[in-house]
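Here is the structure we will look at.
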Amino acid sequence: PPAHSHSDWIGPPDKHSNLRPIIFYVPPEESALERRLREARQEAQASNQRFWAQHNRAFRQEKEEFIYSRLKAKGLEMRDESGQKATLNAEEMADFYKDFLSKNFKKHLQYNRDWYKRNFRITFLMGQVALVRALRWLRRRKKNVEQ
Amino acid sequence: MSAARRCRPPRALAGLFVWRLRNTGVRQIPYRFVHLYRIANDRLITFQYFNFLKRMYVTQYNKDLSQRAKPKSESIVSPFHELQQLDQEKKVVHKISPVSPIHQSWSETSSRNELREMKSAAETEDSVVPVGAKSKEDRQWKEMKLRLDDLPGILARLSKIKLTALVVSTASAGFAMAPVPFELTCFLLASLGTGLASCAANSINQFFEVPFDSNMNRTKNRPLVRGQISPLLAVCFAASCGVPGIALLTLGVNPLTGALGAFNIFLYTCCYTPLKRMSIANTWVGAVVGAIPPIMGWTAATGSLDAGALLLGGILYSWQFPHFNALSWGLREDYSRGGYCMMSVTHPGLCRRVALRHCLALIGLSTAAPVLNITTWTFPVISLPINLYISYLGFRFYRDADRSSSRKLFFCSLWHLPMLLLVMFTCKKSVLEKEDKGDLPGRSRERAMEIRLP
């Protein structure tokens, strides 16, 4: 993002977490409220990034392990003669998906609660900031009109 | 405008879709359909709608092709060796960091994997390439500023406008089936109110699900995920649609419809959306959400909740199951990774049983329609072939439990509902027509058309 920009910039999805990182603009005269909002957003972004990067990595890893163990049980190698990666069909993978979901169920419940709380808080702060800015703008206009 | 002409194009086009799928082998196409959760029954919309679907396939396919062109390379090495590689990559970090001081503000993992991409590029080519890849990534950074000319498109995607259109058409089906003389103003107010309520519900749903949507293939291009709109604006938009929508329904139509609309919004946003991640019961709640719009249409016309409304709701309710269960069969990986509790992942046997059960229930409900004096007895007779066909596909899905049977069932459900509602409409027992029970379909249809025009 260019140095002269006055807004936030959002980037392409992260390779691990699939979330898009945001670079926040810090205005020189940032009020305490605005700073709280920005910090809440940064914190949420970091927390989400941590969770999803770790989660997706675990998924990929466990999927590989599952495929490896199943192929071994069938007596096949990870790569067949042509060098292609051997895969299991959807029905065999279904066991893995079911397992993975139930294993991570509690983790997801915790994350959901966390995410909803953060989301509401950030949106509420955004509302407050917008209100304060609107009032300030109105006050400035009134002052200009009076002058 | 004979119904026969309407019957043929949807079936032919459905065949075209399957052909297209087989040829292109694109897995992403079914994902689009979850947007199209409820199907238009309106005659005018049905044909254009299928054409529109066809166009959407092409654009979706092209979009996905262009997405694949991005340098989002899968790690060549198996993740087992991931940890060993990290040390080597840390050395690369120091070499490349002078280029981009901004990246220091990122979290460690994102800088690490960006450099992993660069490392794999540097392995094969010389160091000129990483700089090239950098500028390409730089171009993918977008300013988070709202542009007014983008706003209509953004809001349309936020409110899932196509899904909303389908919800409105099922509501208008409910309105049309009510045994009262047709009132245009009431019809328009009810449709508008339902549409606004649906927009509000969909916006709140997207507001709640940002990190999950970004992790699933079919939803990763939503406005909130891409940062095109702020969450605050999404909530304000939802409020500015929902409040007038419900007010319009309560004051302009009748309080019962308004109450149903408000209840449906609540059910969708506060029950279905959180439940998706907690228990498989979400599918049943979602089916109720889909069943309520036709009930709303009926109550808008008649002002009361009678057996006909419940029957229509029941038909929509039963239809949701083969539709959704067949669709979710192909999305199991995304659901599992995203943490969504769906029957197809956790209870696959139940998933298929329920789909079959409800296909058969549709036959039963169609037979109940003339008993409740909503349609003539020609309705269960005419609808029997299509109901039997979807039940047959449901049975195949139950028995085979594979991708092709789930796809067949899903595509069948797409044309089955419009056809069923259409046939129901043409077999509607008009208030003045109660004596003509034994009429031939053609004649009763013509007469029904005459009477129904305002």
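Computed from the coordinates by the stated procedures, all read-outs in this text should not be read as laboratory data. Source: prediction; values computed, not measured. Positions of Cβ are backbone-derived with ideal geometry, glycine not excepted, and every protein chain shown enters the neighbour counts.
Of the candidates A:ASP114, A:ASP95, A:ASP14, which one comes out as most mobile in a Gaussian network treatment of chain A with C-alpha springs shorter than 10 Å?
The residue that fluctuates most here is A:ASP95.
With labels modelled as points extended 7 Å from the Cα through the Cβ direction, what inter-label distance (nm, one decimal) is found for A:GLN42 paired with A:LYS143?
Placing both labels 7 Å along Cα→Cβ, they lie 2.9 nm apart.
Please average, across the residues of B:336-346, the number of beta carbons from any other chain that are within 10 Å of each residue's own beta carbon, and give a whole number.
Going residue by residue through B:336-346 and averaging, the value is 6.
Within region B:380-398, whose backbone N sits under 14 Å from a point 7 Å along Cα→Cβ of B:ARG353?
B:398
Go through B:LYS220/B:LYS408; B:LYS160/B:LYS429; A:LYS72/A:LYS103; B:LYS276/B:LYS429 and tell me which ones have a Cα-Cα distance over 32 Å in this structure.
Where the Cα-Cα span goes over 32 Å, the pairs concerned are B:LYS160/B:LYS429; B:LYS276/B:LYS429.
What list do you get for B:MET278, B:MET177, B:MET144 if you sort them by fewest beta carbons within 10 Å?
B:MET278, B:MET144, B:MET177
Which of these, A:GLN110, A:GLN42, A:GLN54, has the largest mean-square fluctuation under a Gaussian network model of chain A (Cα springs below 10 Å)?
Its mean-square fluctuation being the largest, the pick is A:GLN110.
Expressed in nm to one decimal, what extension gain is obtained for the pair A:ARG136 and A:ARG35 from 0.36 nm per residue of sequence separation less their Cα-Cα distance?
34.7 nm
Round to the nearest 0.05 the FRET efficiency obtained for A:ASP114 and B:ALA259 when R0 = 41 Å and r is the Cβ-Cβ distance.
E(calc), rounded to 0.05, equals 0.75.
So, with +1 on the Cβ of K and R and -1 on the Cβ of D and E, and no other charges, what is the size of the charge dipole of region B:306-429 about its Cα centre, to the nearest 20 debye?
200 debye
Rounded to two decimals, what is Rg over Rh for region B:145-304 when you use alpha-carbon atoms and the Kirkwood radius?
When Rh is taken as the Kirkwood radius, the ratio is 1.00.
For peptide A:117-124, compute the average count of partner chain beta-carbon atoms within 10 Å of each residue's beta-carbon.
Partner-chain Cβ atoms within 10 Å, mean over residues of A:117-124: 3.
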